[in-house]
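Notes follow once the structure below has been shown.
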Amino acid sequence: MEVNILLGNIVSLLGCTVMVFIGFIKNKDRYIIFQTLQFGLNALSHFLLGGFGGCIASLVSVARNIIIAKWKCSPAIKIALIAVQAALSVSTITLNPITWIPIIAAGMFTWNIDTKDAMWFKWVIIITLIMWAVYDIYHHNYVSVWFSAFTVISNSISMVKIHKERKAA
């Protein structure tokens, strides 16, 4: 196995471990801090694996989290973040269909980050994680693919529970 693939997957494992740990955090400020750490580790793993679009998307997500921690994420801020990510991606990577995946996934997540509808947010998570899994397979980020798959499954189970609760109400 190539050294960068091994190192990238080790860093990805650290980031995914932080992602799992985040699920237990109830304090929003701590949540944002640890999610920012997770995105930083994701950026490093994507960089090591040659996924520069994923690296940029993760770094823009760090900026998004810092902004959300300090201010409300208005539509203008969302558009600015998505535009910065797209501009950085277009200017620094060779664009092919795979390299558009992080741009679209991170943009979709950023746009919907403050939705109040739990079911819609679960759909956004599932769709974006499937997109990331395709991107990660292409860049040999196998650890992230597994964590994405498990997160899709857990969110799908949660959606069934939400649907049952809504139906019962």
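Annotations for the structure displayed:
- Hits in the range 138-151 - residues which are surrounded by 17 or more Cβ atoms within 10 Å (Cβ to Cβ) and either closer than 20 Å to Gly50 by Cα or modelled with pLDDT of 90 or more (or both): Tyr138, His139, His140, Asn141, Val143, Ser144, Val145, Phe147, Ser148
- If only residues of the range 73-91 that are out of contact with any Leu (no Cβ under 9 Å at 6 or more places or on another chain) and either among the polar types (S, T, N, Q) or touching a residue at least 12 places away in the same chain (Cβ under 8 Å) (or both) are counted, the one that is surrounded by the most Cβ atoms within 10 Å (Cβ to Cβ) is Leu81.
Residue by residue, here is whether (1) free of Cβ contacts under 8 Å to residues at least 12 places away in the same chain; (2) closer than 23 Å to Thr151 by Cα; (3) in contact with a helix residue (DSSP H, G or I) (Cβ under 6 Å, 6 or more places away or on another chain); (4) among the charged types (D, E, K, R) holds:
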{"site": "Ile5", "(1), (2), (3), (4)": "no, yes, no, no"}
{"site": "Thr17", "(1), (2), (3), (4)": "yes, yes, no, no"}
{"site": "Gly23", "(1), (2), (3), (4)": "yes, yes, no, no"}
{"site": "Leu41", "(1), (2), (3), (4)": "no, yes, yes, no"}
{"site": "Ser45", "(1), (2), (3), (4)": "no, yes, yes, no"}
{"site": "Ile93", "(1), (2), (3), (4)": "no, no, yes, no"}
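- Test: residue in the range 55-62 that is among the hydroxyl-bearing types (Ser, Thr, Tyr) and touching an Asp or Glu at 6+ places or on another chain (Cβ under 9 Å): no
The values are calculated or read from the model by the stated rules, or taken from the named source; none is laboratory data. Quantities reported herein were computed from a predicted structural model and do not represent experimental measurements. In this analysis, Cβ positions are derived from the backbone assuming ideal geometry, glycine residues included, and neighbour counts consider all displayed protein chains.
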